[in-house]
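Engineer: One structure follows; several queries about it will come next.
Read-outs throughout are calculated quantities, based only on the coordinates presented, and are distinct from any laboratory measurement. Since the model is a prediction, treat every value here as computed from it, not as a measurement. Because the Cβ atoms are built from the backbone with ideal geometry, glycine has one as well, and the counts that use them run over all protein chains shown.
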Amino acid sequence: MTTGGMNMRRMGFGRTMAAIIGLLCLFPARGRCGEAGGTAVGFLVCSPGPVSDKVSIELRLGIRNGSASQRAYTVDFYLDRAADAALIHSESLTVGAGVGRLVSHWISTKGLWGRHKLLYRVRAPGSTAMRGEWPIEVFASDTPALPWAQCVWLDPGNMAPAVSRAQKATPSEVRRMVDAMRDIGATFILISYVEGVAFNMGPFYPSKIPELGRCALDFDAIGVVLDQAERNGQRVILGLGRGPDLTLVYDGVKDPARVARALDLGRRVTRELWDRYSRYRSLYGWYLSHEPTDLAAAAVFLNPMADFMHSLAPEKLVVVAPSGTPILSPAVLAGARYDVLTYQDAVGPGYVPYKYTWNPENRLAQLDDVCRAYREAHKGSGKHLWSDTETWEMAGPAYGNPYPAAFPRVLRQMEIARRHFDALTLYEFMATMTAPGTRMGPCDPRSRELYRHIKAHYVSHLAEARARTGRLRSKRDKETQR
């Protein structure tokens, strides 16, 4: 793939899903856990891990009551073993007939070094208790986020024949790419969109929704990613896409008819994806591909979509990526019904408020203050805070021809972001990184260099984190024995 053909999001109206001109290419207890007596249970932990010892993680258990009458449940959460001494939270609730409810509990990771299991038990009168667990590893860290990225973004538009000039996308190549993501520490993958109608591409899975058109590929790329991720123990977040309305959350939120059309399509796409892929334990949540600036104004679309997604599986995450100059406040965040915000760092095009400078240093100079403001706004909101680190840049003067950034620049972004965010994500994998042995990706030696450096960074810091954590655990154990 040529770097000029990469499918990336822009920053003009925030950073949109793709540039129209130039088409810039940028377990039982996991996932859907079990069912008994008409009750379906799903369980996940956010962030999925590994995590540092300076964050709080959320245990999310969704209960769907499939019976014809309301039912009473008791939910218990445990650490490492299902025993009274290990109980960390217990809650009783009533769930109406045919509806779902979320049981959420946050715990601090302070001092929780090493590998653990978070367990649940769900009890209802007259039914067998349902149980499950989620593994988590906690590392000693100087910052909330670990030094490496736990998530990478994937724009499937980079696979399309109209864009890619490298190796033809095939299921086996997609599987190799998912493995390559795992090998740089990505325990979860965020697919930016499952359809590319806004930039004249169809869906990247076999959809039956007429508005989406014909599949852009001759295989189900979304299904392949989910399947390989499941084999690897990774998680996947599915981005809906924007249909034909690229700028809805910028200039359409005051038009009720336009919002209603977008909600109708979004719900049908979500339902189709759920019906097709909910069997995968790797399905971790949803991403609303529209990138708002004014979160309060965009709530007329974002909140109803989040409600619908949660109605299918209350525990699955709903993620939003605001623009580079978001308008937000603690009150707006607290009232939002999605779960995670992953903030675009806007370094790639050197974006400063409402202007591209094409010099990443201009945004880097502001980045620490910007990230600090995001963290302050999140206090008490009950929302998760992730970064969205851009691994590309542009020379200008127009928004186009992106190319992979040098690793030292990306590392500086990560070093700033990890002081403020709970997890690091990298945008975007396929357009800027090429792993050895894979044949999809940009025909640019810089993409191979970036991947090589990011992998080496991950491997070395993982070893350091495990050694440091082991030393602290050993010291604590010795002191306890005295």
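Engineer: Return F204, F219, F199 ranked ascending by Cβ neighbour count within 10 Å, so the fewest neighbours appear first.
Structural biologist: Lowest to highest Cβ neighbour count: F219, F199, F204.
Engineer: Next question. Give the total of Lys-Lys pairs in the chain with Cα-Cα distances below 17 Å; include a pair only if its members are 8 or more places apart or on different chains.
Structural biologist: Here the count comes out as 5.
Engineer: Same structure again: Cα-based Rg of the range 44-139 per 2.2 N^0.38 Å, rounded to two decimals?
Structural biologist: Computed over Cα atoms of the range 44-139, the ratio equals 1.15.
Engineer: To two decimal places, what compactness ratio does the range 298-341 give when its Cα radius of gyration is scaled by 2.2 N^0.38 Å?
Structural biologist: Normalised Rg, Cα atoms only: 1.15.
Engineer: Across the range 61-71, in residue order, what do the Karplus-derived ³J(HN,Hα) couplings come to in whole Hz, using 6.51 cos²θ - 1.76 cosθ + 1.60 with θ = phi - 60° and x for Gly and Pro?
Structural biologist: Here the 3J(HN,Hα) series is 10, x, 10, 10, 8, x, 7, 8, 9, 5, 9 Hz.
Engineer: Taking amide H positions as placed in the peptide plane 1.01 Å from N, state which residues far from D294 in sequence (5 or more) or on other chains have amide H under 5 Å from it.
Structural biologist: Placed amide hydrogens put I327 under 5 Å from D294.
Engineer: Then there's this: How much of the pair distance distribution for the range 160-271 lies past 20 Å, counting alpha-carbon pairs only, in percent?
Structural biologist: Cα-Cα pairs of the range 160-271 separated by over 20 Å account for 47 percent.
Engineer: In vacuo Debye scattering of the chain, one point per C-alpha: log10 I(q)/I(0) at q = 0.06, 0.10 Å⁻¹?
Structural biologist: Normalising to I(0) and taking log10 leaves -0.25, -0.72.
Engineer: At a 10 Å Cβ-Cβ cut-off, how would you order R268, R471, fewest neighbours first?
Structural biologist: R471, R268
Engineer: Going by how many other Cβ atoms sit within 10 Å of their own, how do F188, F421 line up, fewest first?
Structural biologist: Ordered from fewest to most neighbouring Cβ atoms within 10 Å, F188, F421 come out as F188, F421.
Engineer: In whole Hz, with x marking every Gly and Pro, tabulate ³J(HN,Hα) for the range 400-406 from phi via Karplus 6.51 cos²θ - 1.76 cosθ + 1.60, θ = phi - 60°.
Structural biologist: x, 6, x, 8, x, 6, 6
Engineer: Also, quick follow-up: How large are Rg and Dmax for the range 329-408 when only the alpha carbon atoms are used, in Å?
Structural biologist: 14.5, 41
Engineer: Can you compute the radius of gyration and Dmax for the range 64-201, using only the Cα atoms, both in Å?
Structural biologist: 21.4, 60
Engineer: Counting only residues 5 or more places away or on other chains, whose amide H sits under 5 Å from the amide H of S52 once H atoms are built in the peptide plane?
Structural biologist: Here the answer is F139, L146, since their amide H atoms fall under 5 Å of that of S52.
Engineer: Kindly provide the helix-only [θ] at 222 nm of the chain, computed as the sum of -39,500 (n - 2.57) over DSSP H runs of four or more divided by all residues, to the nearest 500 deg cm²/dmol?
Structural biologist: Calculated at 222 nm, the ellipticity per residue is -10000 deg cm²/dmol.
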